[in-house]
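Okay, so here's the structure we're looking at.
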Amino acid sequence: MAQAAIPQIVARRGGWRAALRRYAHVPLLTPAVGLTVAVFWVCMAVLVVMSVYPFLAAGTPRLTLAAWQRLLGDPYYWGVVGTTLRLAFVVTALALALGYPAAYAISKIQRPGWALAAYVVLFAPILVSVVVRTYGWLLLLSNTGVVNYLLRAAGLVREPIPLIFNETGIIIAMVHILLPFMVFPILSVVGQVGGDLKEAAMDLGANRWVTFRRVTLPLTAPGVISGCQIVFTLTISAFVTPFLMGGGRVQILSGLIYRDMEAVNLGFASVVALVLLALAVVILAASNVLARRAYRRAEVERA
Amino acid sequence: MRPGRDPVRLALLAFLWLVVAFMLAPIVFTLVFAFSDASYLIFPPPGYSLRWFAKLFEQRALFAAAINSLVVATAATLASLVVGTAAALGLVRYRFFGRELLRTLFLAPLIVPRIAFGVAMLIYAVVLRRFGGLDSLFLAHLMVTLPFAISILTAALVSADRSLEEAAADLGAPPLVTFWKVTLPQIRTGLAVSGFFAFIVSWDQVETSLFLVKTDNMTLPVAMFYYLQRQQDPVIAALSALLIGVAAVGAVIAVLTVNPRDLQRVLSAGGR
Amino acid sequence: MGRRIRRREFLKEGGKAGLGLFALAQLGGATLGLAQEAAAGGAERLTLFVWSGLNLPTVAHEVARFYMQNNPGVTIEVLEGQNFEVYPKMVSARKLTPDRPLVHFGYSNTQFTYQGDIDDMWESLDLRNIPNAANVADAYKRPENRGIGFSIAPVGLIYNPNFVREPPTSWADMWHPRFRGKVTSIKYAWYTNGLVIAARLNGGSERNIDPGFRLWAERANQFVAFANSNVEVRDLIVRGDAHIAAMFGGNALTWKEQGAPIEFVIPREGTIAFPLFLVVVKGVSAQQKRIAEGVINLILSERWLARWAALTYFVPTSTKVVVPPSLRGLAMYSPQETARAIQFDWATIARNETAWRERWDKEVVARMGR
Amino acid sequence: MDVDVELREVSKHFGAIVAVDRVSLAIRRGEFFSLLGPSGCGKTTTLRMIGGLEFPTAGEILLRGAVVTDLPAYRRATNMVFQHLALFPHLTVFENIAFGLRLRREPPSVIARKVDGVLQLVDLPGYGGREIHQLSGGQKQRVAIARALVNEPAVLLLDEPLGSLDLKLRLAMQTELKALQHRVGTTFIYVTHDQGEALTMSDRIAVMNLGRVEQVATSQEIYARPRTRFVAGFIGEANFLDGRVAHAGPDGVLVAVNGLRVRAEAAPAPAGAAVTVSVRPEHVKLGVAADGAANRWTGRIEEVTFMGAVVRARVALDGGPRLVAELHNDAAAGLAPGAAVAVGWAAGHTVVLAG
């Protein structure tokens, strides 16, 4: 009987309806695959090619690792990588320090109207252009700006304190710009940590701190990690804010790219771009390992 | 303990209001400076006037840039919704070899530094002889908005009830009708959210566009960026005030139209 | 139930509107393509680049309009911008699509004119098509006529009199301790950031730049910030964030005229000469080149050079031009000043552009704040 | 008799898993037919293949004589009532029911009439304007049935539609469904894992296990004459005794079980074959009631459980095997663990199963 069934299978597989069903995903996915490959992945390939074969540079184009050697062999550039990473870590940490309690507080607001207001105020800034928000911080932080005026008016300082043209200004503005991207994912998990779970923990004799540390924190870890990932990725590649707030003094990778694009040094710009990409990939991969552990712990706690 | 008197809770709420003040500060003061009388940044403004708005309306390049941004952002949004919905359907509704690989392929642009992509896109556009055209900008923005749309719509489709689609098919609806009458209404919030995101991301794209625009044919944020490089007079503050006004209207519309519980569901799924 | 239907209709209408917009965008792309096709054959369409800001673009617009009136069938688009924004894109276009330059011809500052020599960007001009070139002093003609100098922008020092009691007198004041943390400049602008002049005043030269870097490495904290444009330099000075900077005399005088608290001085070593050129970009067709030369001839005519000088305070290179009275009295435009102006070796600077940018970042910027 | 649905050697593989294994069925017009089995037995997959929501890996499906094996759901004259109902939450009751009619472009007046009619039929007159979330569980159930029935399908497929209801409502709906089926006369194919439900409503039942059909028969026959040990065990309860056919003749059958000789009326196997003997607990008599039974032994009571209307007793026969007996409350007086008791049942109640 089994033998009899097999030729039927073969026969049925030839049916056009069956074939149509089997490949139904193909027309759905083709536009996205086509676009992503034809534009994005080709662009990535272009970067790699440019980094070793800078045919736009002056002189004879030839295969060369010179740009790579120049960057990787120079401690100065490692310093720039260091500054880029440091800025990204500081911004991420500060965004977390502000974003976590804020998200937690929003989840505690009882009146829906107020909660909505808090939502809107925290998220509306993403509707305002990055350029505008950076400009706003220039207005606030420059020597003749609002903060220094208030400090002087209050008699706290005599000379204006330099808040722009240095890392301080970049960090303040970046935290402001990226905070919503931290609060979003945290808020989405804080909301899911049910009150009954916490009550259960309290019931078991845990005090509030222990409850937070043993229940809330592990359960919100996935949100924290994805928030940190988003903020980190956006910070290391940010250009406009560091450029305008840094006064040309703070050297980061995206600034190098801009410099080399201006000097029509596309080979080196491509190398820097690829280094930036590699940093993003490595850091995200590392944090994904952390995330997976956190998920597993959260699953265990939830079960 | 009554929640109102709980000191930890009060401290948390106080902190929240500080964060809110931090978020609003640059926006509020941008509005103040828009009405400043001085031509450079100084606080408090020596006087108030509307002259920067008057000057703003003479900046035809900025308005042309705004139109460009609007066209590109609208096109990128619609395209990422259409292409993204199809792709999300393909990823969610079918099992096939290489599905996870495809998902990675789609989402990869999210982690690629945008300025790096901008560099590559310049070369790409010049080779295709589309440098400076809105079409190459559109493609560049689409690469950035599409992953957002795919991830949000995938989450929306996963949480959509598959059996409703089966029910529709069972009642005689061909696939397209099923999609239109049953699937689409279910992922409405996902569509709204991803459309909103895509629009904002495209509208506010500087790093990717920077190298792609012609100097006389820019998008708004790039035009503002170059304007700020050249000149930091309150024209940009006046323009910002207008944009903030539009954003405020947008926020109000968003609040009134989107169901917060749906939003929460989609966002929490999208955060993964 | 009414609500439902409304929502569905809304969805439908929204879909229609969306499709319409999309079609519109497509149409936009198509017309863009059509415009480009049209440029390829039939009527000529050229892009003329000019610097934005101040009154710099005015003459370009006026000349373009004048030329188009007299030559129907030719369209000249004026593209305003900064050399540093547009030049990289011009080079990319030249390398990748050699027959379709992004900009056909235009104004070019000293730095990018020489950079263009290295990148092989400029056509040799046929001076027979530019009779007015005969009036240009030989010093401003270029090898193989790859561009022609039409004006000079002398660079001196500016300061804010509200903060600076004793005006600077020498280029060396840029690195004098009394201006520590109060100097600004456009980044990598070798004519204003003091690198070349410091090398020259300390026993070096363009070919021996090390003394300049050595000096600035020690004095990195002279700089408060680097600006991205002339106007940003102005704002830094006006606000008092910076007190002095090197700047074009023309810009300084225009700002002062507009009421900014800015004074201009000629250092005792003299101004730095910064000639401005008109160039035609390689890749143009023979016909386009002839049109471009015609427009350049107009810009070099007495009428338009006088207009240029009056609008910008910059000194024309033509021997025939009547300098406006307002300019004649200014020290920096006196023949003596022009004669003793410091001439940089721009070819060397251009060859070292990338290396110097890197060294500047590594040896100077990296030391700031330490 | 017309056959509405016919399955010929239908198999369905999901990767390496065989969900449905060479199933052949013929379901008659107007029949209330149940697919019964534990979860994972392939009954739902079979139903979905009939409805066109899944497609067989092998075999053919015929609907009123036409091959529909590869026809998608929207091209088939079947309609389904889904396990979780799958009512469209964004549409009203009326629009839910009218969904199929609108797709067929029926004129609005016809739609209104038909929807009203079917709402009457399921006893929900005037509910058309309601939102789905305003309905109770039972009401949703009726809407789901109405939505399917209004299309006048050749076959109505029901996938455990009563699973989510509480016991009382479920019992009421069972009766109602059966009555409804009588009224409309449509062929019903009903999937359930609840044997009581299947027995109550069905004209015929197909019992499925591990992707295969074990037996197709009427309720009574399935209960009285299970053909396999699985069927006997799944439908109701049964005592199983392994043995060997000792004698098979026109006068009856004798099966040797651990030295006991069990009488039965018929056997599926010749003398010498290994078989299983099955007897339902309610047929096992104890004490005086066992007097005169064809099978009669003595044993010892091990355990007595009071269960309301009935009492169950576990008895160890002197020959070794244990049996469970189910007695009526009043017949159980005096039974106590440890007591010796007579055990017996009629030969007609012995079911001999092959293997």
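Some notes on this structure:
- A cut-off under 15 angstrom between Cβ atoms defines the neighbours of D:Val275, and their net charge, with Lys, Arg +1 and Asp, Glu -1, is +4.
- Tail weight of P(r) past 13 Å, computed on alpha-carbon pairs of region C:122-164, percent: 64
- Accessible area (Å², per residue) of region D:237-353, counting only protein heavy atoms and a probe of 1.4 Å: 47
- Taking all protein chains together, B:Ser163, D:Ser109, C:Ser170 sort by accessible area into D:Ser109, B:Ser163, C:Ser170, largest first [probe 1.4 Å].
- Counting only other chain Cβ atoms within 10 Å of each residue's Cβ, the peptide D:80-89 averages 5.
- For region B:172-235 and region D:89-137, distance of Cα centres in Å: 41
- DSSP-loop trypsin sites (Lys or Arg not before Pro) across region C:86-168, with at most 12 other Cβ within 10 angstrom: C:Arg165
- All Cα-Cα distances of chain D, cut into 20 Å bins from zero to the largest, leave 26, 45, 24, 4 percent in each bin in turn.
- For D:Tyr74, C:Tyr333, the ranking by accessible surface with the largest value first comes to D:Tyr74, C:Tyr333, using a 1.4 Å probe.
- Helical segments meeting 30 Å axial Cα length and Kyte-Doolittle 0.5 threshold in chain B (DSSP H): B:7-34, B:60-93, B:134-159, B:235-257
- For chain B, the extents of the C-alpha atoms along the principal axes are 72, 69, 31 Å, listed from largest to smallest.
- Listed peptides A:150-160, D:51-61 by packing density, highest first (mean Cβ within 10 Å): D:51-61, A:150-160
- Sequence of C:Glu123, D:Glu221 from largest to smallest accessible area, 1.4 Å probe: D:Glu221, C:Glu123
- A:Asp74 paired with C:Arg214, simple spin-label distance in nm, labels 7 Å along Cα-to-beta-carbon: 2.2
- Accessible surface of the protein assembly as shown [probe 1.4 Å, protein heavy atoms]: carbon and sulfur percent: 60
- Compared with the direct C-alpha span, the chain from D:Asn329 to D:Ser39 gains 101.0 nm at full extension, assuming 0.36 nm per residue.
- Taking only the Cα atoms of region D:234-291, the ratio Rg/Rh comes out at 1.00, with Rh defined as the Kirkwood radius.
- Counting only residues at least eight positions apart within a chain, or on another chain, the lysines with an alpha carbon under 28 Å from that of B:Lys181 are C:Lys12, C:Lys16, D:Lys114, D:Lys140.
- Over chain C: Rg over Rh, Cα atoms, Kirkwood Rh: 1.07
- Spatially proximal aspartates and glutamates relative to C:Lys187 (Cα-Cα < 14 Å; intrachain offsets below 8 disregarded): A:Asp260, A:Glu262, C:Glu85, C:Glu232, C:Glu353, C:Glu358, C:Asp361, C:Glu363
- One quarter of the convex hull surface built on the alpha carbon atoms of the protein assembly as shown amounts to 65.0 nm², the projected area averaged over directions.
- Stretchable slack from D:Leu169 to D:Glu221, in nm (0.36 nm times residue separation minus alpha-carbon distance): 16.0 nm
- Low-density loop cleavage sites - trypsin sites (Lys or Arg not before Pro) in region B:68-148, where at most 11 other Cβ are within 10 Å (DSSP): B:Arg95
- For A:Tyr23, the accessible surface of its heavy atoms amounts to roughly 130 Å² (probe 1.4 Å, protein chains only, rounded to the nearest 10).
- Model label points for B:Phe63 and B:Asp37, set 7 angstrom from Cα along the Cα-to-Cβ axis, are 2.8 nm apart.
- Region C:38-111 and region C:128-188 have their alpha-carbon centroids 24 Å apart.
- Cα-only Debye scattering, region D:33-143: base-10 log of I(q)/I(0) at q = 0.11, 0.19, 0.22, 0.23 Å⁻¹: -0.46, -1.08, -1.19, -1.23
- Rel. contact order, % - alpha carbon contacts under 8 angstrom, at least six apart, chain B: 31
- B:Leu107-D:Asn258 pseudo-label distance in nm [points 7 Å out on the Cα-to-Cβ vector]: 6.0
- Each listed q (0.14 Å⁻¹) maps to a log10 I(q)/I(0) for region D:237-353, found by the Debye formula over equal Cα scatterers with no solvent: -0.54.
- Shown here for region C:188-229: trypsin sites (Lys or Arg not before Pro) in loop regions (DSSP other than H, G, I, E, B) with at most 13 other Cβ atoms within 10 Å, namely C:Arg207.
- Between A and D, roughly 1000 Å² of accessible area is buried in total, ligands, DNA and RNA not counted and the probe set to 1.4 Å.
- Treating each Cα of region B:121-194 as one equal point scatterer and applying the Debye formula with no solvent, the log10 of I(q)/I(0) at q = 0.14 Å⁻¹ comes out as -0.61.
- Heavy atoms of A:Arg21: accessible area, 1.4 Å probe, square angstrom to 10: 70
- Legend: mean number of C-beta atoms from other chains within 10 angstrom of residue C-beta atoms, peptide D:199-211, equals 0.
- Residue mean of other protein chain beta carbons inside 10 Å, B:12-18: 6
- Region A:130-145 and region C:220-272: distance between their alpha carbon centers, rounded to Å: 22
- Residue-level accessible surface for C:Ser334, protein heavy atoms, 1.4 Å, Å²: 30
- Those lysines that a straight Cα-Cα span of less than 27 Å connects to B:Lys55, excepting residues fewer than 8 apart in one chain: B:Lys214, C:Lys256
- Equivalent ellipsoid dimensions for region D:180-225 as semi-axes, Å, which come from the Cα gyration tensor, largest first: 20, 12, 10
- Subtracting the Cα-Cα distance of D:His133 and D:Glu303 from 0.36 nm times their residue separation leaves 56.2 nm of extension gain.
- Radius of gyration (Cα atoms) of region B:1-52, expressed as a multiple of 2.2 N^0.38 Å: 1.84.
- With a 1.4 angstrom probe, the accessible area lost at the A-B interface totals about 7900 Å².
- Cα-derived Rg over Rh, computed across region A:199-282 with Rh taken as Kirkwood radius: 1.32
- Translational diffusion of region A:68-302 was estimated from the Stokes-Einstein equation, with Rh taken as the Kirkwood radius over Cα pairs; at 37 °C and 0.692 mPa s the coefficient is 165 µm²/s.
The values are calculated or read from the model by the stated rules, or taken from the named source; none is laboratory data. Keep in mind it's a predicted model, so treat the numbers as computed, not measured. Because the Cβ atoms are built from the backbone with ideal geometry, glycine has one as well, and the counts that use them run over all protein chains shown. In case anyone asks, the SASA skips ligands and DNA or RNA and just uses the protein heavy atoms, side chains included. Shrake-Rupley method; radii C 1.70, N 1.55, O 1.52, S 1.80 Å.
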